[in-house]
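Below is one structure; the comments refer to it alone.
The values are calculated or read from the model by the stated rules, or taken from the named source; none is laboratory data. Since we're looking at a predicted model, the values are computed, not measured. Cβ coordinates were reconstructed from backbone atoms using ideal geometry, including for glycine residues, and neighbour counts include every protein chain displayed.
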Amino acid sequence: MAKPNSKAPKKSVDIFCAKCKAQLFKYKKGGKGALVKCFKSRITKDFTQTPCTCPSCQQVFAREFLIRGMPAFKMIGGKVWFK
């Protein structure tokens, strides 16, 4: 399997919890599609204390995976939104 692009995209998005609207990450996202996964190497600022758990409402919003040999968070549908 090919690894994801090593050069991070220029576009940065803010990722929020869908339940309490708390900010979770600042992330370098490529493409226009939905947010399905977040590669850990592309997260520029992490606002969570525990991985995959919202800091304010303690909701689990993702699972840790190895995708194409790189550590990533696979988002659970409807738990996060971004702008």
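Where residues in the range 23-75 are under 13 Å from PRO4 (Cβ atoms) and among the small types (Gly, Ala, Ser), which of them is surrounded by the most Cβ atoms within 10 Å (Cβ to Cβ)? That would be ALA72. Summed over the range 61-76, the residues that are outside any strand (DSSP E or B) and either modelled with pLDDT under 95 or of a type in the set (Phe, Trp, Tyr) (or both) give a count of 3. Within the range 72-83, residues that are farther than 15 Å from ASP46 by Cα and among the small types (Gly, Ala, Ser) reach partners that are at pLDDT 95 or above and assigned to a loop (DSSP other than H, G, I, E, B) with beta carbons closer than 8 Å, at six or more positions or on different chains, in the pairs GLY78/ALA18.
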